[in-house]
Every structure is written in structure tokens, then in C-alpha cells.
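Following: one structure in C-alpha cells, then a few remarks.
The values are calculated or read from the model by the stated rules, or taken from the named source; none is laboratory data. Owing to the predicted nature of the structure, the values given are computational and were not obtained by experimental measurement. Neighbour counts run over all protein chains shown; Cβ positions are idealised from the backbone, glycine included. Please note that ligands, DNA and RNA were not included when accessible areas were found on the heavy atoms of the full protein model with its side chains. Shrake-Rupley method; radii C 1.70, N 1.55, O 1.52, S 1.80 Å.
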Amino acid sequence: MFNNLKAEMARFEVSKKELAKKLSISEWTLNRKLNGLSQFTLEEMSKIKEIFNDSTITYLFFEALENA
């Protein structure tokens, strides 16, 4: 789930630990969100978009809807 977000994390060399810290959440919580067990908030999505500034929220989070 969230393959584009994970790809951008790799491209920008942002670890899960770093991203969790920037979002002020635990790494455990981030893993749950990345695995689709809980949802990202709009505020979290906006922060992530700022980190990966050349990506859109749609690209980062909604590719799964297009493949459904």
C-alpha cells in the first residue's frame, strides 16, 4: 500500500523513523498507516506533501483507488 509514497521516501532518503518524527507520531503508528491499518489525517498528508514537494497528495496517497 502507498507504493508511491514509499518510492518517494526512498528517493529522498527519508526513513520511516525520520518521517514519523516529522509527523510527530511514533514509528509504530506510521507503519500502521503505511500498511493501511489506520488512516493518514489530512494534516499528515499535507505535511508529507511539503516534505516531497514535487509530488501531489493524489500521487502519494490515492494510487490504490485507481487500481481497485
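Length gained on full extension, Phe62 to Lys22: 12.3 nm, using 0.36 nm per residue less the C-alpha separation. Report summary: the helix-based calculation at 222 nm, which adds -39500 (n - 2.57) for every DSSP H run with n ≥ 4 and divides by the residues of the chain, gives -16500 deg cm²/dmol. Computed from point charges on the beta carbon alone (+1 for Lys and Arg, -1 for Asp and Glu), the dipole magnitude for the chain about its Cα centre is near 260 Debye. For a straight C-alpha distance cut-off of 16 angstrom, the lysines reachable from Lys17 (same-chain residues fewer than eight places away being disregarded) are Lys6, Lys33, Lys47. Extending 7 Å from Cα along the Cβ direction at Ile51 and again at Val14 yields two label points whose distance is 0.4 nm. When the chain is described by a simple charge dipole with +1 on each Lys and Arg Cβ and -1 on each Asp and Glu Cβ, the residue from Leu37, Leu60, Ile48 located farthest towards its positive end is Leu37. Per residue, the accessible area of the chain comes to 67 Å² when a 1.4 Å probe rolls over the protein heavy atoms.
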